[in-house]
Structure formats: C-alpha cells, structure tokens
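Peer 1: Quick one: the structure is below, and I'll ask about it shortly.
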Amino acid sequence: MSRLLDQLVLHPSNREQLKRFLARPAHALLITAPVGSGKYWLAKHLAAEVLGLDKLVAVDTHAYFIHLRPAETKQEIAIDDVRAVTTQLRLKTIGRTPIRRMVLIENAQAMSLEAQTALLKMLEEPPADTLFILTATSPQALLPTIVSRAQRLELQAVELTAAQHHFASQPAGEVERAWRLSGGRMGLLSALLSGDETHPLKEAIAEVREFLAGSAYERVVYAQALMTDRLALANFIDAASRVMQFLHHAALAKDNRQLAIKLQANRELLSEQRRQLAANAQARLVGLQLALRLRS
C-alpha cells in the first residue's frame, strides 16, 4: 500500500482487505463501522491513493474529488444533493489512469429514501472512470440493492498493542484507558488522546456523564431535546454504551458484583435502543426509554 495508507492504524484483516481492493478496485466500496471508528479518514486516504496524490490535503482541492455529506443545517442528504452529483458525473475527466474521479458519500445512512434511489441508478450504470466510496454506521441503514452493488469493508477495532505502538509518545496507561473507553475505535481514540474537543462522540461522552448525574426531570428534558435529532440521539446512545462498557469492566475487575449487574442491564438497554434506531423506531419512544430506564 501507499505511504499515506501505511500511516493509518488498522486491524490486520482490514489492511489485507485494502490491499486486495487496491489491486483490483471495484466501482464502489462501502465502509461500515460505528461512529468514531475513523471511516472518514480511511476514505480520504483511499481517495489520495486512487487519485495518485502524495499529500492528504490535496484531496479536497482535487478537480475530480466529489464529497457529499449532510449540510451543517440539515440532518439528511436530500435527493437534490445526489442529483447534483449526477450532473457532475456527466463531465468528462482527463487522464489515462483507469480511475480518475472519486465520489465520497460520508454518512451515507443520512440519505433520504429518494436520495438512495437516485444513487442506486448511478451504481447500476457507473462511469468507468469513477470510484464511489460510501461510509455508513451499518449496512442495514441503506437499501439492500445499494449494499449489493458495493464491495464491503467493515472496520474492526484496532488492537491495544497497535494503539500503544502508534501513540508511543503518550503514557502507556493513558493509551490503554483511552483504548478501553473508545472500544478500539481509532477516530475516538485519537480524539481522546489529542484533546480534540470537537469530535462528536467525545462531546457525547461528556454529555452522558452529565446526563447520569442529573435528576429524573433533567434527564427527561435532555432526552426531549435529543428526540428532534436522530443523529445526535444515536451518538448519545453510542457514547453511553462506551461509558457503560468501560465502567462495567472496571466493576468486574474490582469484584463489585452489584454494580456490575446494574451496568450490564444498562448495556443491554442501550444495545436494544441502538437496534430500535437502526430499525427506524420513533426517536421519541427511544428517548423516553433512555430517560426513564437508564440507571445511574
């Protein structure tokens, strides 16, 4: 693989998958993993490799790089956004390499049903010079027909030894603590160790701690605010799962069985809520369960 891709910390199985993909790239690749796994950065590194760029920063200004994601003021990718990409794909590219254009659809699970249908038409007859890379939290969040037309790469959690080697300049104890809290998700792990306060999952972890310390009324009020934003609710549930897993392991290590039982119940509740959201359950019902049943 390229020097840029070699800089990424990846699970060995994912690294082998990437080698095979780059040797014979398909027209579409779907990268799936929970929030905080580093899907976006992997996609950008792949774009640099495919487009023959030496520096990652050159990707964003490349003439044939198209980046589609939800606008800051919106929660979804609308059909008009996908149609705009269709218009751009009608333009011819210059060069001799087999793949000269890259379309990155970040958080593809945010596409409306109409947008996904429009994308499907592109994937059924893709331009020969174009590679589509989609990132999503789960393949179940997309139309099965879209998933079937893309190669799949499910990002695995990085191993503790790999994380410690990559962050060798940091105290080993801090790296292990961040690795356990992040669940080995490289994006969140990096944010925890670098002090990046803008990472959405890191922000959500801080909010989870405040939520658990609040009264029943304060929890309901906070949950009501989350009900209006499915992505924020999903991030909160994911962050709460990370916190509960971390605390659960600590309770088991200290042989605190009563606390461990309570935390295990919380983990099961959050796992069920994640499944409900993936199945398009009403955010209001999920939020209320979160406020009333999560135990501090």
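Peer 1: Only one of LEU181, LEU188 is within 16 Å of ALA162 (Cβ to Cβ), assigned to a helix (DSSP H, G or I) and not assigned by TED's automatic domain parsing to the domain that holds LEU288; which?
Peer 2: Of LEU181, LEU188, the one residue that is within 16 Å of ALA162 (Cβ to Cβ), assigned to a helix (DSSP H, G or I) and not assigned by TED's automatic domain parsing to the domain that holds LEU288 is LEU188.
Peer 1: Take region 227-258 and flag every residue that is without any contact (Cβ under 8 Å) to a residue 12 or more places away in the chain, assigned to a helix (DSSP H, G or I) and among the basic types (Lys, Arg).
Peer 2: Residue satisfying the conditions is ARG257 alone.
Peer 1: Please give the number of the condition ASP60 fails out of (1) surrounded by 15 or more Cβ atoms within 10 Å (Cβ to Cβ); (2) of a type in the set (D, E, K, R); (3) at pLDDT 90 or above.
Peer 2: It is condition (1) that ASP60 fails.
Peer 1: Filter region 280-296 for residues that are without any contact (Cβ under 8 Å) to a residue 24 or more places away in the chain and more than 16 Å from ALA225 (Cβ to Cβ); which is surrounded by the fewest Cβ atoms within 10 Å (Cβ to Cβ)?
Peer 2: Per the criteria, the residue is ASN280.
Peer 1: Sort out which residues of region 61-91 are among the hydroxyl-bearing types (Ser, Thr, Tyr) and out of contact with any Leu (no Cβ under 8 Å at 6 or more places or on another chain), and write them in order of number.
Peer 2: THR61, THR73, THR86, THR87, listed by residue number.
Peer 1: Then there's this: How many residues, within region 90-105, are surrounded by 17 or more Cβ atoms within 10 Å (Cβ to Cβ) and without any contact (Cβ under 8 Å) to a residue 60 or more places away in the chain?
Peer 2: Here the count works out to 5.
Peer 1: Any residue at all in region 165-182 that is in contact with an Asp or Glu (Cβ under 8 Å, 6 or more places away or on another chain) and of a type outside the set (Asp, Glu)?
Peer 2: No, because not a single residue in region 165-182 is in contact with an Asp or Glu (Cβ under 8 Å, 6 or more places away or on another chain) and of a type outside the set (Asp, Glu).
Peer 1: Take the conditions farther than 30 Å from MET244 by Cα, modelled with pLDDT under 95 and in the same structural domain as VAL9 (by TED's automatic domain parsing) and apply them to PRO139. Does it pass?
Peer 2: Considered against the rule, which asks whether it is farther than 30 Å from MET244 by Cα, modelled with pLDDT under 95 and in the same structural domain as VAL9 (by TED's automatic domain parsing), PRO139 comes out as no.
Peer 1: Mind listing whichever residues of region 65-83 are under 18 Å from TYR40 (Cα atoms) and in contact with a strand residue (DSSP E or B) (Cβ under 8 Å, 6 or more places away or on another chain)?
Peer 2: PHE65, ILE66, HIS67, LEU68, ARG69, PRO70, GLU76, ILE77
Peer 1: When the residues of region 151-186 are filtered to those that are touching a Pro at 6+ places or on another chain (Cβ under 9 Å), of a type outside the set (S, T, N, Q) and surrounded by 14 or more Cβ atoms within 10 Å (Cβ to Cβ), which remaining residue is nearest to LEU123 (Cα to Cα)?
Peer 2: This residue is GLU154.
Peer 1: Pick from region 73-88 the residues that are assigned to a helix (DSSP H, G or I) and of a type in the set (Asp, Glu): which of them is surrounded by the fewest Cβ atoms within 10 Å (Cβ to Cβ)?
Peer 2: Filtering first and then ranking leaves ASP80.
The values are calculated or read from the model by the stated rules, or taken from the named source; none is laboratory data. Values in this document were obtained by computation on a predicted structure and should not be read as measured data. Cβ coordinates were reconstructed from backbone atoms using ideal geometry, including for glycine residues, and neighbour counts include every protein chain displayed.
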